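The values are calculated or read from the model by the stated rules, or taken from the named source; none is laboratory data. Computed from a predicted model, the values in this text were never measured in an experiment. Cβ sites come from the backbone with ideal geometry, for glycine too, and all protein chains shown count toward neighbours.
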Protein chains: 2
Amino acid sequence: MNPRVQEITGSLIREIAAKKTPGCMDLGLGEPSLKPTMSFWANAIRETEKDGLRYTLNAGDAALREAIGAHYLYPGLTSAENVCVMTGSQEAVYVVIKTLLDPAKDELLLIEPAFPAYAKMAKLEGAAVHSVSMDPADGFAFDPERILAAVGEKTRLIVICSPCNPTARVITREAVHTMSEGLLARGGDPIYVLHDEIYLEQTFVDDAGHFAAIYPHTIVTNSLSKSNALTGLRLGWSIAPKEIAAAIVKTHAWVTSCASTFSQRVAMEIFNTPGALHEHAGWYRDQRLAVNDALAQSGLRYVPVEGSFYACVKLPEGTESIEAAHELADHHGVIAIPGIAFGESLEGWLRLSWVSPIDDVREGIKRIANYCQKDHSLR
Amino acid sequence: MNPRVQEITGSLIREIAAKKTPGCMDLGLGEPSLKPTMSFWANAIRETEKDGLRYTLNAGDAALREAIGAHYLYPGLTSAENVCVMTGSQEAVYVVIKTLLDPAKDELLLIEPAFPAYAKMAKLEGAAVHSVSMDPADGFAFDPERILAAVGEKTRLIVICSPCNPTARVITREAVHTMSEGLLARGGDPIYVLHDEIYLEQTFVDDAGHFAAIYPHTIVTNSLSKSNALTGLRLGWSIAPKEIAAAIVKTHAWVTSCASTFSQRVAMEIFNTPGALHEHAGWYRDQRLAVNDALAQSGLRYVPVEGSFYACVKLPEGTESIEAAHELADHHGVIAIPGIAFGESLEGWLRLSWVSPIDDVREGIKRIANYCQKDHSLR
């Protein structure tokens, strides 16, 4: 067997999430609790009845790719040739990492705390992973100087998830500018930035930075999972400079051939409907305000929620996050993800998702605050 | 960039298929021309309206996996834990190859002529590929002795596509028995057999062999693409011994996370409907009889059509298959795939698919026969 597969551990997030029992407040999985809008499905079903359900091109339906390029309008990345449609942004991220890194010599740079999939994918490919931790004292804000200082001779790809899972921080325009200048000033072979924008529609600040807007070696990944409550549609994409996009399509073609034609038809309806990608933005905005209130009242130390649908809260000094997550699930009726799942730098913290009904989120935060106070007073 | 991606060429099959113009007889792509049965969709749509469209478990919906295990009833492989649902059998084959081969030391053994994806996937993983050609004089029949003789110290996985794309041959029960005995007699670490059964419902002989029926180290891949005209559903699976299945799920989890929930719901309806997997079997049987007639009348030399929906025909001695395929597409209004796409052993042959309306298939075969006669007389 492939030793890389054997070495990789399963998902700690899913392990804790699986402990959910009835009555549990679920602040675990990063999955919208909203329902998808079925009106986007009617045309897709009619088309399937009429034309059947054949393969699309490997890269995806040309009209859909054109619509995606035209929707985001990233300079130089606006045409169908820049886009590859894939099985969720999970496949998109996997294929980009696989395509861009030469396992023999290239290194992936991760900004921690980080969604664990990036490192696991790189390790599955046999590529080296180096990581740089953002400063907890600064609420894990993206720090361009710190990131640039961590770029080494072997760094070929930097993955940045902003709005961030797990920290809920958003990289600023200024930080993107500083990083872009710094990376370009190095000269030599380009260092690629994979900007995972899956939480784009959950941005709650005005100065959000987008690498694709100014840095020429950017690949963007995204999907309809979070924006439209369609995790189960498995419809994502990469947007990349044409030469890179062609290589991405080649890898993708051998991994899954093409994304679901039906999912692509639903996606086409969404991109054809003005405002559809933002259909849940109001709900998330309201939810975030309520979560901010609940966090402020809880007495917990937390990271400012600038984007995504998470919040990180600090456990009492010396508490191990895995132990706390198990105790919370087993004895306090709350599912929350241990910070260690996202790297050493988030040890001692919990990641909460806040997509459950707001009363559950409030109650969950209260239970965690109670647990922390009790726990703290015992020490 | 990853040099393995750069070295891999695109799909010759898709390159030729793309030359299709109106009026062309399409004997190119391996895609059913039938329409899917929409009654399988009604429940899936209702369920999506009711429950939304969330992720399933990485391995796929438990009830669907149970239904798949129970449908095929391969000894020891009948439970949900044996099954991993994936994005078409393309991802299933990719993930199995990736999971089972250690690129540092293991070799994949291919039986040529072979569907080109297997070798490209292995090369993408950096794993060595060795191949053994079946005998054209014997119509490329699966020859267990020849295959066993090609098994070396490093062979860890043998891929067998039966019913075969491209040869349309089916491995016999006796051949599977001989191979199973031979492989078990070697001792040492198990040599796995990946039996790609994607054309199972297009089996036209009575003595078809199934590795999973007797060989303990078998992994089966299959999908709904060919049986139910659902290539665009991207719904396939692997069936494997539990320990192997667990490793397969781990790899799959990082590649695509999970298959489309909607596609899984449609699949559930199909597995819940007795006979649904065979819904098109009658059509293929009739079509195959007509194709056999047309081939017999054509004067072309062809390989017996025992399964799948292809037929291989011989070009005049000395004709290069790529040149012939281009000439046929450009000047004779027929799309057919050059044999070289499936390995050196099929050079000088064409692979025809026969899923277009039967009159088109007949006309296509006639045009190829005319081309071969003319071409031959010119030499």
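Odds and ends about this structure:
- Any chance A:E49 is without any contact (Cβ under 8 Å) to a residue 60 or more places away in the chain and within 12 Å of chain B (Cβ to nearest Cβ): yes
Yes/no matrix, rows are residues, columns are (1) part of a helix (DSSP H, G or I); (2) within 16 Å of A:R14 (Cβ to Cβ); (3) touching a His at 6+ places or on another chain (Cβ under 7 Å):
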position	(1), (2), (3)
B:V220	no, no, yes
B:S225	no, no, no
B:A229	no, no, yes
B:E243	yes, no, no
B:V249	yes, yes, no
B:H252	yes, yes, no
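- Helices (runs of 4 or more DSSP H) contained in region B:63-180 and holding at least 3 residues free of Cβ contacts under 8 Å to residues at least 60 places away in the same chain and of a type in the set (A, V, I, L, M, F, W, C): B:117-124, B:144-150
- Options B:A59, B:A67; residue that is closer than 30 Å to A:L194 by Cα and more than 10 Å from chain A (Cβ to nearest Cβ): B:A59
- Positions within region B:342-357 being closer than 15 Å to B:L27 by Cα and either surrounded by fewer than 17 Cβ atoms within 10 Å (Cβ to Cβ) or touching a strand residue (DSSP E or B) at 6+ places or on another chain (Cβ under 8 Å) (or both), in sequence order: B:W349, B:L350, B:R351, B:L352, B:S353, B:W354, B:S356, B:P357
- The lone exception for B:I270 - which of (1) among the aliphatic types (A, V, I, L, M); (2) more than 14 Å from chain A (Cβ to nearest Cβ); (3) farther than 19 Å from B:M25 by Cβ it fails: (2)
- Check on A:A311, in the same structural domain as A:A229 (by TED's automatic domain parsing), of a type outside the set (S, T, Y) and crowded, with 23+ Cβ neighbours inside 10 Å: no
- Filtered residues of region A:49-81 (kept if touching a Gly at 6+ places or on another chain (Cβ under 9 Å) and under 30 Å from B:A229 (Cα atoms)): A:G52, A:L53, A:R54, A:Y55, A:T56, A:N58, A:I68, A:A80, A:E81
- Filter result for B:Y55 (at pLDDT 95 or above, buried (at least 17 other Cβ atoms within 10 Å of the Cβ) and assigned by TED's automatic domain parsing to the domain that holds B:L194): no
This table checks each residue for (1) within 17 Å of A:V93 (Cβ to Cβ); (2) surrounded by 23 or more Cβ atoms within 10 Å (Cβ to Cβ); (3) of a type in the set (S, T, Y); (4) more than 14 Å from chain B (Cβ to nearest Cβ).
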site	(1), (2), (3), (4)
A:E145	no, no, no, yes
A:A150	no, no, no, yes
A:I160	yes, yes, no, yes
A:I198	yes, yes, no, no
A:V220	yes, yes, no, yes
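- Some residue of region B:162-171 being more than 17 Å from the chain's Cα centre (by Cα) and of a type in the set (V, I, T): no
- With respect to the conditions (1) closer than 27 Å to A:V303 by Cβ; (2) within 14 Å of chain B (Cβ to nearest Cβ), A:E174 falls short on a single one, namely (2).
- Candidate set from region A:230-264 (those that are charged (D, E, K, R) and facing chain B (nearest Cβ under 7 Å)); member that is surrounded by the fewest Cβ atoms within 10 Å (Cβ to Cβ): A:K250
- Scanning region A:11-62 for residues that are part of a helix (DSSP H, G or I) and among the aromatic types (F, W, Y) returns A:F40, A:W41.
- Top-ranked residue of region A:124-142 - restricted to ones that are surrounded by fewer than 19 Cβ atoms within 10 Å (Cβ to Cβ) and charged (D, E, K, R), ranked as nearest to the other protein chains (Cβ to nearest Cβ): A:D135
- Identity of the residue in region A:186-244, farther than 27 Å from B:V85 by Cα and basic (K, R), that ends up modelled with the lowest pLDDT: A:R186
- Condition met for B:G23 (in contact with a helix residue (DSSP H, G or I) (Cβ under 9 Å, 6 or more places away or on another chain), more than 13 Å from B:T261 (Cα to Cα) and in contact (Cβ under 8 Å) with a residue 24 or more places away in the chain): no
- Filter result for A:L194 (in contact with a strand residue (DSSP E or B) (Cβ under 6 Å, 6 or more places away or on another chain) and either in a strand (DSSP E or B) or surrounded by fewer than 24 Cβ atoms within 10 Å (Cβ to Cβ) (or both)): yes
- Some residue of region B:307-319 being more than 30 Å from B:H130 (Cα to Cα) and modelled with pLDDT of 95 or more: no
- From A:G232, A:G188, residue being closer than 25 Å to B:A253 by Cα and free of Cβ contacts under 8 Å to residues at least 40 places away in the same chain: A:G232
- Candidate set from region B:80-123 (those that are touching a Ser or Thr at 6+ places or on another chain (Cβ under 6 Å), small (G, A, S) and more than 8 Å from every other protein chain (Cβ to nearest Cβ)); member that is nearest to B:L233 (Cα to Cα): B:S89
- Test: residue in region A:296-308 that is aliphatic (A, V, I, L, M), surrounded by fewer than 16 Cβ atoms within 10 Å (Cβ to Cβ) and either under 23 Å from the mean Cα position of the chain (by Cα) or outside the structural domain of A:Y199 (by TED's automatic domain parsing) (or both): yes
- Among the residues of region B:8-41, the ones that are at the interface with chain A (Cβ under 10 Å from one of its Cβ atoms) and either farther than 23 Å from B:S89 by Cβ or among the hydroxyl-bearing types (S, T, Y) (or both) come to 3 in all.
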